[in-house]
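Below is one structure, written out as structure tokens; comments come after it.
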Amino acid sequence: KHLQGGFIWDWVDQGILKKNNKGETFWAYGGDFLPVGVDHLDKNFLINGLVFPDRKIHPHIWEVKKVYQNVNFKPKDLEKGEVTVINRFDFTNLEEFDFHWQVMGDDQLIGKGNLPPFKLSPHKSRVLQIPEPKIQPQAGVEYFLNLTVTTRKASVLVPKGHEIAKEQFRLPFYKASPIMNRTSMTPLKLTSSPDHYLVMGSDFKLFFDRKKGTIFSWIYKGNEFIKSGPVPSFWRAPTDNDFGWKMPEECQIWRKAGEQRIIKSVNTVTETDNLVVLEVKSILPENFGNSLYTTTYSIYGSGDVVVENRFQPDKGRLKVLPWIPRLGMVMTLPQQYDTLQWYGRGPHESYWDRKTSANVGIYKGSVMSQYHPYIRPQENGNKTDVRWAALTDKRGMGLLVGGIPTLSISAHHFTIDDFDPGIKKQQRHSNELKKRPFVTLNINYKQMGVGGDTSWGNRARPYPQYRLPVQEYLYRFRLRPFSPKDGTPLQLSKQRF
């Protein structure tokens, strides 16, 4: 309110197009222009803009547009369709713009319209009455009010109909889906050996490795859905800002903590006609003291698996261990499951502290299109507030991931290690990454925010409310292989366990 500021240091990535000795083009920067053996201290400094050198945009430019918008909205009484609008312009009356509204029920348009023109002077506010249709909530359906503001006339630089502001509100109408009736599910058969468990249903076989504590094969209607099963993961590929506050050095203890966990026991804790519950108890490596990580797999006769993760840090290590970069699980699927659909924030990537520009909706695209080729490879492509996501092949066979209630997810034809240069920032380029013959799926509770007040030193750290302190965590999600005959991912997501 009281300061003029918030300016962007660099509008554009300051790079130059070059070719390597293989004839591949890449954006060169920093030390790429120095003699061999001479290092550039900041590596990719000035490759930190809102757009690429050729002015193609980065996803974070959408967040800049959103937080800079001069028309703001606050909910007053959403049940009655009352919303407060605030004019943050210094000289412009809102009579110059058109206001549009839209009500969505999941992916269905419930109603839309335009508000009558109105006057509102700079720095003033008023209540708008949105003529929302009367909603009779359907089971499991979420309802959202989407507001947009567009230019009424063209100007020298801005065309008519250009969106200058937007907002989204979740409407207070919801009816929960009924809980699935377990007694009507197909019976299961459990067999065991010293090395593995096999759980069989009418259409699936799930093989579980008793020594590694994870699923190693999941066959549904003759299709394999697993290349490697879910394992705990606490790490993300460092961003430029992460290097600014030395996150890779401070938090490196978490880098391999999940894959190096020590399995203490894998047991069956429940076995009925249509439910098998497997429990995996593990401890993190030596430097974590007696920090426990327990995963339970509830396997239902319907073919669903509900995964529950509980992290219990050693109380004696609470003040010693650094923040957790990411809390989740990572698994890989065969490469043919290369289409991602999700119900969450999109269509561009979003993060815990960078998501107001990404409206909740249902989005779809190739796995490869989720990758954003930052000039220096790093964390990218995350989706927040995900209700469900599905990876499918060309026939519509797929794996559904359901949040209980929501998740942070990403899917790539790369691994985390592909984006991670190690403890020290390296002179790397996006053309060095090679597409992998599988899909990496990250199923996260959350990952820490990506920005602080600067990109260097202590003030580059994410704000406290966007950090994952060392404490006990519990989160759950659902996995379900499906075929087109089983229903759409949206339909299947309504089932509750």
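What to note about this one:
- All conditions but one from (1) open to solvent by 20 Å² or more (accessible area, probe 1.4 Å); (2) of a type in the set (Val, Ile, Thr); (3) touching a Ser or Thr at 6+ places or on another chain (Cβ under 8 Å) apply to Thr454; the one that does not is (3).
Yes/no per residue for (1) assigned to a strand (DSSP E or B); (2) in contact (Cβ under 8 Å) with a residue 40 or more places away in the chain:
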position	(1), (2)
Thr150	yes, yes
Ala154	no, no
Ala165	yes, yes
Phe169	yes, yes
Pro172	no, yes
Thr183	no, yes
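- Screening Ile362, Ile324 for residues that are at pLDDT 95 or above, open to solvent by 20 Å² or more (accessible area, probe 1.4 Å), over 30 Å from Pro187 (Cα atoms) and of a type in the set (A, V, I, L, M, F, W, C) leaves exactly one candidate, Ile362.
- Cross-chain or 6+ apart pairs with Cβ under 7 Å, region 128-144 first and closer than 27 Å to Ile179 by Cα, then among the hydroxyl-bearing types (Ser, Thr, Tyr): Ile135/Tyr143; Pro137/Tyr174; Ala139/Ser177; Gly140/Ser177; Glu142/Tyr174
Residues checked against (1) open to solvent by 30 Å² or more (accessible area, probe 1.4 Å); (2) out of contact with any helix residue (DSSP H, G or I) (no Cβ under 6 Å at 6 or more places or on another chain); (3) over 22 Å from Arg170 (Cα atoms); (4) of a type in the set (Phe, Trp, Tyr):
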| position | (1), (2), (3), (4) |
| --- | --- |
| Asp42 | yes, yes, yes, no |
| Ile47 | no, yes, yes, no |
| Ile57 | yes, yes, yes, no |
| Lys74 | yes, yes, no, no |
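- Inside region 2-61, residues that are basic (Lys, Arg) and assigned to a loop (DSSP other than H, G, I, E, B) make up a count of 4.
- Scanning region 223-242 finds no residues that are of a type in the set (Phe, Trp, Tyr), over 26 Å from the mean Cα position of the chain (by Cα), modelled with pLDDT of 95 or more and within 27 Å of Phe482 (Cβ to Cβ).
Residue by residue, here is whether (1) free of Cβ contacts under 8 Å to residues at least 12 places away in the same chain; (2) small (Gly, Ala, Ser); (3) touching a Cys at 6+ places or on another chain (Cβ under 9 Å); (4) open to solvent by less than 70 Å² (accessible area, probe 1.4 Å) holds:
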| residue | (1), (2), (3), (4) |
| --- | --- |
| Glu79 | no, no, no, no |
| Gly111 | no, yes, no, yes |
| Asn114 | no, no, no, no |
| Ser121 | no, yes, no, yes |
| Asn146 | no, no, no, yes |
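- For region 293-320, the tally of residues that are open to solvent by 20 Å² or more (accessible area, probe 1.4 Å), assigned to a strand (DSSP E or B) and farther than 20 Å from Phe234 by Cα stands at 2.
- When Arg428, Arg467, Arg436 are checked against the criterion of being open to solvent by 20 Å² or more (accessible area, probe 1.4 Å), in contact with a Gly (Cβ under 9 Å, 6 or more places away or on another chain) and not hydroxyl-bearing (Ser, Thr, Tyr), a single residue qualifies: Arg467.
- Meets criteria (open to solvent by less than 30 Å² (accessible area, probe 1.4 Å), at pLDDT 95 or above and either in contact with a Gly (Cβ under 6 Å, 6 or more places away or on another chain) or not basic (Lys, Arg) (or both)) for Leu391: yes
- From the list Phe52, Phe99, the one residue that fits, being at pLDDT 95 or above and closer than 19 Å to Glu432 by Cβ, is Phe52.
- All positions within region 321-369 that are of a type in the set (Val, Ile, Thr) and either outside any loop (DSSP other than H, G, I, E, B) or out of contact with any helix residue (DSSP H, G or I) (no Cβ under 9 Å at 6 or more places or on another chain) (or both): Val330, Thr332, Thr339, Val360, Ile362, Val367
- Of the residues making up region 367-387, those that are within 9 Å of the chain's Cα centre (by Cα) and farther than 17 Å from Leu50 by Cα are Asn382, Lys383, Thr384, Asp385, Val386.
- For region 319-342, a residue qualifies if it is charged (D, E, K, R), touching a residue at least 12 places away in the same chain (Cβ under 8 Å) and over 30 Å from Pro484 (Cβ atoms), and exactly one does: Arg326.
- Within region 86-103, the set of residues being assigned to a helix (DSSP H, G or I) and either at positive phi or of a type in the set (D, E, K, R) (or both) comprises Glu95, Glu96.
- The single residue among Ile253, Ile263 that is open to solvent by 40 Å² or more (accessible area, probe 1.4 Å), assigned to a strand (DSSP E or B) and modelled with pLDDT of 95 or more turns out to be Ile263.
- Any strands (runs of 3 or more DSSP E) falling wholly within region 185-237 and containing at least 2 residues that are loosely packed, with under 14 Cβ neighbours inside 10 Å: 189-192
- Exactly one residue out of Val64, Val83 is assigned to a strand (DSSP E or B) and open to solvent by less than 50 Å² (accessible area, probe 1.4 Å), and it is Val83.
- Residues (assigned to a strand (DSSP E or B) and among the polar types (S, T, N, Q)) located in region 67-80: Asn72
- Exactly one residue out of Arg459, Arg480, Arg428 is outside any loop (DSSP other than H, G, I, E, B) and farther than 30 Å from Asn181 by Cβ: that is Arg459.
- Test: Val269 is within 29 Å of Leu188 (Cα to Cα), modelled with pLDDT of 95 or more, among the aliphatic types (A, V, I, L, M) and assigned to a strand (DSSP E or B): no
- In region 87-109, residue least open to solvent (accessible area, probe 1.4 Å) [restricted to those that are touching a Pro at 6+ places or on another chain (Cβ under 7 Å) and of a type in the set (Asp, Glu)]: Glu95
- Any hit, region 276-285, residues being closer than 22 Å to Met185 by Cα and modelled with pLDDT under 95: no
The values are calculated or read from the model by the stated rules, or taken from the named source; none is laboratory data. These numbers come from a predicted model, not from an experiment. Quick reminder, even Gly has a Cβ in these numbers, built from the backbone with ideal geometry, and neighbours come from all protein chains shown. Note: accessible area is taken over every heavy atom of the protein model, side chains too, but ligands, DNA and RNA are not part of it. Shrake-Rupley method; radii C 1.70, N 1.55, O 1.52, S 1.80 Å.
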